[in-house]
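Novice: Got a structure here, written out as structure tokens. Questions coming.
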Amino acid sequence: MQINSPAFKENARIALHDVNLQKALGNLKAGFPTKRAAAVARMPEFEQLRDEGTALKNHILENLDIYLEQFEENVVKNGGHVHWCRTSKDACKTILDICKEVDAKTVTKGKSMVSEEINLNDYLEKNGVEPIETDLGEYILQLRGDHPSHIIAPAIHLNLEDVSDIFHEKHHRPKSSDPAVLMQEAREMLRQKFASADVGITGANFFVAETGSTIIVTNEGNGDLTQTLPKTHIVVTSIEKVVPTLEDMTLFLRLLARSATGQEFTVYNTLSTGPRRAGDQDGPENFHVVLVDNGRSEMVGSEFQEMLRCIRCSACMNHCPVYGAVGGHSYGWVYPGPMGSVLTPKMIGIENAGLLPNASTFCGKCESVCPVRIPLPKLMRHWREDEFSRHLSPKAVRWGLGGWAFFAKRPALYRILSSSSNLFLRLAAGKKGRIKKLPLASGWTNWRDMPAPSGKTFMQQYKSGKKD
Ligand code: SF4
């Protein structure tokens, strides 16, 4: 996927005027947050589960090397192979080499954000292997030459008419506005692909050190067909998704389903433990796990370590007012919303993604719903500080912050400035009590009136003993 994060502002402006997108985002806001809230309300121990999940993830990250090596040992014992890949390029090359070994012409793919991260589809296509997405949302996007805008609902930016149009164009069948008809159509188109693919590639929501197993969760069952029908199964996943035991995995599955879609449990939870054994009725003959680092090991022990707790549930973006207004494509790369605003600068550089951590109101909603309590606003603030200290922020921001710092360090001056600004704003607002236009604040006043300050400054009230 091309990096388009430096164009965040322009992308957001276009998104705000895109009627279709706004309609689709309206559905998102009405859907996932309500379902999550209901699922949480049905589970009195949810907060305790979050604490346990957070502590367990911290423990895993402190012992990451041990669990990864244990996982590798068990995969090998089960007859599989583990490939360690430091960069996207290493991972793509490793996957292509495996495909070439079995002379693969087509691969079916289950949904995997890591494969988006390493740009796998483009790489395979350029090297003569056709990738076929089998998750319904991903399949629709592939037909459109489009990319995911959400980590669990990749085609959330589309409406039913968009799907009907692209199916009509590519499948040469009559248009339909019935989701069941469209789904059946996709099923028929994919059936043959499942049966004839040489290799199946899936991601892994988690992988288990004690058994050498990987697990995918889906609501469609497409991942099961992807991993069991072809002769070779390749799992591509990132290193932080390891969990020590099967029991630990179930803790995260409970948190994941409720936080993501408001389900008690995802419909299909499918474990893969090595290739087919003697007596097994189905399953691949070859089992490979490609472990992608891509900057994650550098995050261990750094101020961004907490981000590695992420279980990719998407609750933060489902509740984020910025994501809800501009959608995932505005973020310009694979991971959108608050989690993307922390992760993306690490992967593509703060010089390319500096606008993302700045596109936050710091309302804190993301942190309040994150099942593993990642302090997303704090981590975004780290990026802002980093951007500032490396002189990457725009001049206007630097001057503004410099000016503010000058006054903030001189309390007497600060008090004079704040009380005179208070007076100026009240005079500018006049009897209406609202300001229509304000120099240097057009980003606010172009869209809404600014309310005038209600009275005295905080310091004046504090001194006079008022707390309101
Ligand atoms: S940061 Fe938290 S809320 Fe966001 S996707 Fe990751 S686990 Fe879910």
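The values are calculated or read from the model by the stated rules, or taken from the named source; none is laboratory data. What you are looking at is a predicted structure, and each value in this text was computed from that prediction instead of being measured. Neighbour counts run over all protein chains shown; Cβ positions are idealised from the backbone, glycine included. Areas reflect the complete protein model, heavy atoms only, side chains present, ligands, DNA and RNA absent. Shrake-Rupley method; radii C 1.70, N 1.55, O 1.52, S 1.80 Å.
Novice: Between rounded, prolate and oblate, where does region 313-468 land on the alpha carbon gyration tensor, with a ≥ b ≥ c its root eigenvalues, rounded for a/c under 1.5, else prolate if a/b exceeds b/c?
Specialist: Prolate, because a/c is 1.5 or more and a/b exceeds b/c.
Novice: Moving on to the next point. May I ask you to compute the full-extension gain from Ala55 to Glu210, defined as 0.36 nm times their residue separation minus their alpha-carbon distance, rounded to one decimal in nm?
Specialist: Full extension from Ala55 to Glu210 adds 53.9 nm.
Novice: Would you mind telling me the share, in percent, of accessible area of region 43-298 contributed by carbon and sulfur at probe 1.4 angstrom? The partial results should precede the final answer.
Specialist: Details: 5320 of 10810 Å².
Exposed carbon and sulfur together represent 49 percent of the surface.
Novice: Given the options Ala452, Gly212, His172, identify the residue whose Cα lies farthest towards the positive end of the charge dipole of the chain (+1 on Cβ of Lys, Arg; -1 on Cβ of Asp, Glu).
Specialist: After comparing all options, I get Ala452.
Novice: Explain nothing, just compute: Karplus ³J(HN,Hα) = 6.51 cos²θ - 1.76 cosθ + 1.60, θ = phi - 60°, for every residue of region 49-54 in order, whole Hz, x for Gly and Pro.
Specialist: 3J(HN,Hα) across region 49-54, in whole Hz: 4, 4, 4, 5, x, 5.
Novice: Could you give the C-alpha radius of gyration of the chain expressed as a fraction of 2.2 N^0.38 Å, taking N as the number of residues it contains?
Specialist: Numbers: Rg = 24.9 Å, N = 468, 2.2 N^0.38 = 22.8 Å.
That ratio works out to 1.10.
Novice: Using just the alpha carbons, could you tell me how many Å³ per residue the convex hull of region 156-247 encloses? Intermediate values should be presented prior to the final figure.
Specialist: Values: hull volume 12.0 nm³, N = 92.
Convex hull of Cα atoms, per residue: 131 Å³.
Novice: Can you compute 3J(HN,Hα) from phi for each residue in region 243-249, using the Karplus curve 6.51 cos²θ - 1.76 cosθ + 1.60 with θ = phi - 60°, rounded to whole Hz and x for Gly and Pro?
Specialist: Listing the rounded values in order: 10, x, 10, 4, 5, 4, 4 Hz.
Novice: Please return the longest stretch of the chain lacking exposed loop sites, where trypsin sites (Lys or Arg not before Pro) count only if DSSP places them in a loop and at most 15 other Cβ atoms lie within 10 Å. Present the calculation step by step, with values, prior to reporting the outcome.
Specialist: Details: sites that count: Arg42, Arg86, Lys105, Lys175, Arg277, Arg390, Lys409, Lys436, Lys437, Arg448, Lys456, Lys466, Lys467.
The longest such stretch corresponds to 278-389.
Novice: Shifting gears a bit: How far, in degrees from 0 to 90, does helix 411-429 lean away from the longest principal axis of the Cα atoms of the chain, to the nearest 10?
Specialist: Taking Cα atoms only, the helix is inclined about 90 degrees.
Novice: Work out how much length Ala180 to Lys231 would gain on full extension: take 0.36 nm times their residue separation and subtract the Cα-Cα distance, in nm to one decimal. Kindly include the intermediate steps, with their values, before the conclusion.
Specialist: Working: separation 51, 0.36 × 51 = 18.36 nm, distance 3.10 nm.
So the extension gain works out to 15.3 nm.
Novice: A follow-up question, please. With the Cα gyration tensor of region 1-141 giving a ≥ b ≥ c as the square roots of its eigenvalues, does the rule (a/c under 1.5 for rounded; else a/b larger than b/c for prolate; else oblate) give rounded, prolate or oblate?
Specialist: Working: a/c = 2.05, a/b = 1.14, b/c = 1.81.
It comes out oblate by the Cα gyration axes.
Novice: With the contact rule set at Cα under 8 Å and sequence spacing of 6 or more, what percent relative contact order holds for region 110-197? Mind dumping the intermediate values first?
Specialist: On the way: 60 pairs, mean separation 16.7, N = 88.
Relative CO of region 110-197 lands at 19 percent.
Novice: Could you give the length gained by full extension between Glu10 and Val76, i.e. 0.36 nm per residue of separation minus their alpha carbon distance, to one decimal place?
Specialist: On the way: separation 66, 0.36 × 66 = 23.76 nm, distance 4.87 nm.
The span from Glu10 to Val76 would gain 18.9 nm if fully extended.
Novice: Once you sort the root eigenvalues of the Cα gyration tensor of region 419-460 as a ≥ b ≥ c, which label holds: rounded (a/c under 1.5), prolate (a/b larger than b/c) or oblate (the other case)?
Specialist: Details: a/c = 2.24, a/b = 1.70, b/c = 1.32.
It is prolate, given that a/c is not under 1.5 and a/b is the larger ratio.
Novice: Now for a separate question. When the expected Rg is taken as 2.2 N^0.38 Å, what fraction or multiple of it is the alpha-carbon Rg of region 43-298? Let's see the in-between values first.
Specialist: Working: Rg = 18.4 Å, N = 256, 2.2 N^0.38 = 18.1 Å.
For region 43-298, the normalised Cα radius of gyration is 1.02.
Novice: Points 7 angstrom from Cα along the Cβ direction at Tyr268 and Thr87: gap in nanometres?
Specialist: A separation of 3.5 nm, rounded to one decimal place.
Novice: When only Cα pairs under 8 Å and 6 or more residues apart are kept, what is the percent relative contact order across the chain?
Specialist: On the way: 772 pairs, mean separation 94.9, N = 468.
Computed over the chain, the figure is 20 percent.
Novice: Ok, one more. Once amide H atoms are built 1.01 Å from N in the peptide plane, which residues 5 or more positions from Val82, or in another chain, come under 5 Å H to H?
Specialist: For Val82, whose amide H was placed from the backbone, the distant partners under 5 Å are Val289.
Novice: With a probe of 1.4 Å, find how much accessible area region 43-298 has per residue, and write the answer as a whole number in Å². Walk me through the numbers before you get to the answer.
Specialist: Values: 10810 Å² over 256 residues.
Each residue of region 43-298 exposes 42 Å² on average to a 1.4 Å probe.
Novice: Quick one: which residues, 5 or more positions from Ile201 or on another chain, have an amide H under 5 Å from its amide H? H modelled 1.01 Å from N in the peptide plane, none for Pro or chain starts.
Specialist: Thr108, Lys109, Gly110, Ile234
Novice: May I ask you to evaluate 6.51 cos²θ - 1.76 cosθ + 1.60, the Karplus curve with θ = phi - 60°, for each residue of region 24-37 and list the ³J(HN,Hα) values in order in whole Hz, giving x for glycine and proline?
Specialist: 5, 5, x, 5, 4, 4, 7, x, 4, x, 5, 5, 4, 4
Novice: Which order do Thr361, Thr457 take by accessible area at a 1.4 Å probe, largest first? Display every interim value, and only then the final one.
Specialist: On the way: Thr361 95, Thr457 20 Å².
Descending accessible area places them as Thr361, Thr457.
Novice: When the solvent-accessible surface of protein heavy atoms is calculated with a 1.4 angstrom probe, in what order do Tyr414, Tyr123, Tyr67 fall, highest first? Intermediate results must be reported in sequence, preceding the final value.
Specialist: Numbers: Tyr414 90, Tyr123 65, Tyr67 35 Å².
Descending order: Tyr414, Tyr123, Tyr67.
Novice: How far apart, in nm, are the 7 Å Cα→Cβ label points at Lys170 and Glu69?
Specialist: 4.5
Novice: Amide H to amide H, which residues 5 or more places from Phe206 or on other chains are under 5 Å from it, using H placed in the peptide plane?
Specialist: Hits under the 5 Å cutoff: Ile215.
Novice: Compute the angle between helix 179-196 and the longest alpha-carbon principal axis of the chain, please, reported from 0 to 90 degrees and rounded to the nearest 10.
Specialist: Result, in degrees: 50.
Novice: Using only Cα atoms, tell me the angle between helix 376-389 and the longest principal axis of the chain; keep it within 0 to 90° and round to the nearest 10.
Specialist: Around 70 degrees separate the two axes.
Novice: Further question on the same structure: Relative contact order of region 396-464: what whole-number percent is it, with Cα pairs under 8 angstrom and at least 6 residues apart? If you can, show how the numbers build up before the last one.
Specialist: Numbers: 42 pairs, mean separation 18.7, N = 69.
Relative contact order here is 27 percent.
Novice: Still on this structure: Can you compute the charge dipole magnitude of region 342-396 about its Cα centre, using +1 on each Lys and Arg Cβ and -1 on each Asp and Glu Cβ, nothing else charged? Give it in debye, rounded to the nearest 20. It would help to have the intermediate numbers written out before the result.
Specialist: On the way: 8 positive and 5 negative charges, 25 e Å.
Rounded to the nearest 20 debye, it is 120 debye.
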